[in-house]
Amino acid sequence: MNPYIMALLLFGLGLGTTITFASSHWLLAWMGLEINTLAIIPLMAQHHHPRAVEATTKYFLTQATAAAMLLFASTTNAWLTGEWDIQQMSHPLPTTMITLALALKIGLAPMHSWMPEVLQGLDLTTGLILSTWQKLAPFALFLQIHPNNSVILITLGLASTLVGGWGGLNQTQLRKILAYSSIAHLGWMTLVLQFAPSLTLLTLLTYFIMTFSAFLVFKLNKATTVNSLAISWAKAPILTSLAPLILLSLGGLPPLTGFLPKWLILQELTKQGLPLLATFAALTALLSLYFYLRLSYAMTLTMFPNSLTGSAPWRFHTPQLTLPLAVSTAAALLTLPLAPAAMALFAP
């Protein structure tokens, strides 16, 4: 793609998200979301592969539906209450509709089925943007409307953690596994959204760091299936030994960074008098952990059939930038000791 067009599209992505962040009026927020969607569509379809075009079409239809629902809900709110302000959502009907529209936009279960299909049709770089940056604007709106319908949020959150764990169990495609991982993490954020919005922000931040590392590892190895991970020893031995730790951090194992948000969310749910919900959420995390362990096993404990019995085959130095991967990997593995600072910053 022409670098000028690429720069323009990335500027559009940033602009759309910023407009949504800065807006207090529903029409401006909707406009920001639309700019965001229109900017990523050429990035998704840039390879002209039939799967990429199909994924782009599915994404466009889903996002257009969610945006139309959001516009309809905000108009209904203005009709019922006379308010266009995002933070003045007092009527339960438009609040519920907007909650469901935003859930469809980010891919919460049971409105999740577009997410694995779309991610599977994209290359890893665009998939990374879709899994991280595209979640920012809808979450900014989620945090602003303070949805007080706890039944809907808890149902969406629990369904997402369950579907995100269960759906990834039988997958062999890495992009689909990462999509289900994304759904499960979004479920954790939604569970605690109404009790401690700051914890949702902390979880979103750690999820971004860990997902960024995971996508870059797969991109460096040019791996798209579980089987293709088996040859990563020969390509990048040091990276391959670190990659399982990134995956286990995504799974939420101590003493890695991913444990911090899960620990704080379970603690908050228990404080709110919901021990059964916390127990169920912790059990669904085991499902996700299983498929992260499968990926770790494929990378480190299986050897690809190889005629070379000696050392690793010679290889060119990779032309890809490895500094972002190094920084994000360090952050994804080593920031649990900063838990007291995080708790002070993000205290509910």
List the helices (runs of 4 or more DSSP H) that sit entirely inside segment 201-308 and contain at least 3 residues that are of a type outside the set (A, V, I, L, M) and at pLDDT 90 or above.
237-251, 259-271, 275-300
Every pair of residues 6+ apart whose Cβ atoms lie under 7 Å, when the first sits in segment 274-297 and is of a type in the set (Phe, Trp, Tyr) while the second is surrounded by 15 or more Cβ atoms within 10 Å (Cβ to Cβ) and part of a helix (DSSP H, G or I):
PHE280/LEU158; PHE291/ILE177; TYR292/LEU247; TYR292/LEU248; TYR292/LEU250; TYR292/GLY251
Of the candidates LEU108, LEU162, LEU104, the one satisfying the condition of being in the same structural domain as LEU289 (by the TED database) and within 27 Å of PRO92 (Cα to Cα) is LEU162
Single match in THR76, THR81 (criterion: open to solvent by 20 Å² or more (accessible area, probe 1.4 Å) and β-branched (Val, Ile, Thr))
THR81
Taking segment 208-241, which residues are open to solvent by 40 Å² or more (accessible area, probe 1.4 Å), under 16 Å from GLN320 (Cβ atoms) and touching a Ser or Thr at 6+ places or on another chain (Cβ under 6 Å)?
PHE212
Please list, ordered by first then second residue, the pairs with beta carbon atoms under 7 Å, 6 or more apart or interchain, first in segment 192-207 and surrounded by 19 or more Cβ atoms within 10 Å (Cβ to Cβ) and among the aromatic types (Phe, Trp, Tyr), second modelled with pLDDT of 95 or more and in a helix (DSSP H, G or I).
TYR207/HIS185
Which number in (1) among the aliphatic types (A, V, I, L, M); (2) surrounded by 16 or more Cβ atoms within 10 Å (Cβ to Cβ); (3) over 22 Å from MET111 (Cβ atoms) marks the one condition that ALA7 misses?
(2)
Being open to solvent by less than 10 Å² (accessible area, probe 1.4 Å) and over 14 Å from ALA66 (Cβ atoms) is the filter here; which residues of segment 27-38 pass it?
none
Set THR81, THR75, THR20: member being within 16 Å of ILE145 (Cα to Cα) and at pLDDT below 95
THR81
Enumeration of residues in segment 149-199 that are part of a helix (DSSP H, G or I) and among the aromatic types (Phe, Trp, Tyr):
TRP166, TYR180, TRP188
Segment 40-67, subset open to solvent by 10 Å² or more (accessible area, probe 1.4 Å) and among the small types (Gly, Ala, Ser), residue modelled with the lowest pLDDT
ALA45
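Based on this model, can you work out whether GLN171 counts as out of contact with any Leu (no Cβ under 7 Å at 6 or more places or on another chain), open to solvent by 20 Å² or more (accessible area, probe 1.4 Å) and not assigned by the TED database to the domain that holds LEU28?
The answer is yes for GLN171.
Conditions tested, residue by residue: (1) closer than 17 Å to ILE129 by Cβ; (2) not in a helix (DSSP H, G or I); (3) not aliphatic (A, V, I, L, M).
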{"site": "ILE5", "(1), (2), (3)": "yes, no, no"}
{"site": "GLY14", "(1), (2), (3)": "yes, no, yes"}
{"site": "LEU27", "(1), (2), (3)": "no, no, no"}
{"site": "ILE40", "(1), (2), (3)": "yes, no, no"}
{"site": "THR57", "(1), (2), (3)": "no, no, yes"}
{"site": "PHE60", "(1), (2), (3)": "yes, no, yes"}
{"site": "GLN63", "(1), (2), (3)": "yes, no, yes"}
{"site": "PRO94", "(1), (2), (3)": "no, no, yes"}
{"site": "MET97", "(1), (2), (3)": "no, no, no"}
Are any of the residues in segment 13-24 under 21 Å from THR75 (Cα atoms) and loosely packed, with under 13 Cβ neighbours inside 10 Å?
yes
Would you please list the contacts, defined by Cβ atoms under 9 Å and residues six or more apart or on different chains, that run from a residue in segment 216-231 that is under 17 Å from GLN120 (Cβ atoms) and assigned by the TED database to the domain that holds PRO244 to a residue that is basic (Lys, Arg) and crowded, with 21+ Cβ neighbours inside 10 Å?
PHE218/ARG175; THR224/ARG175
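The values are calculated or read from the model by the stated rules, or taken from the named source; none is laboratory data. Just so we're clear, the structure is a prediction, and the values are computed from it rather than from any experiment. Counting neighbours? That spans all protein chains shown, and the Cβs are built from the backbone with ideal geometry, glycine included. Just so you know, the surface numbers come from the protein's heavy atoms only, side chains and all, with ligands and any DNA or RNA stripped out. Shrake-Rupley method; radii C 1.70, N 1.55, O 1.52, S 1.80 Å.
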